[in-house]
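Since the structure comes first, as structure tokens, the remarks are kept for the end.
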Amino acid sequence: MFRPMHELKAADALGFTLDGRAMTARAGDTVAAALLANGVEACRQTPVSGAPRGPYCMMGICFECLVVIDGVGNRQGCLIPLQQGMRIETQAGRRQPDAVRA
């Protein structure tokens, strides 16, 4: 189950974008882990004050890692596996459900 880090095989690199900027991360990483690995500390802004927020618990409890993935908002980045070509955007404030916006 647990192995020393030096025993892990190198993972393939996956390309994705954050707010239009090209980035890469390891296959098998979550979106939140990929953002942190690229030095991104904030992935959303709160709806009331606009304060920057970033991944905190990394297990789906806190909702601080909400991002827009391929046009769909309110996605918990810590629970979504990174895929090649994902378009990730910083989430600004509260997102309305698609049915409400239509």
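For the reader, a short list of remarks on this structure follows.
- Residue exposure sequence - THR24, THR30 - by fewest surrounding Cβ within 10 Å: THR24, THR30
- Burial ordering of LEU14, LEU35, fewest other beta-carbon atoms within 10 Å first: LEU14, LEU35
- Fraction of beta bridges assigned by DSSP in region 11-88 that are antiparallel (%, nearest 5): 85 percent
- Nearest-0.05 FRET efficiency for THR46 and LEU79, computed from C-beta distance (R0 25 Å): 0.80
- Dipole magnitude (debye, nearest 20) for the chain, charges at Cβ of Lys, Arg, Asp, Glu: 160 debye
- Region 17-102: C-alpha gyration tensor shape, a/c 1.5 cut-off, then a/b vs b/c: prolate
The numbers here are math on the coordinates, done by the rules we state, and not lab data. Not measured: the values here are computed from a predicted model. All Cβ positions, glycine included, derive from the backbone under ideal geometry; neighbour counts span all protein chains shown.
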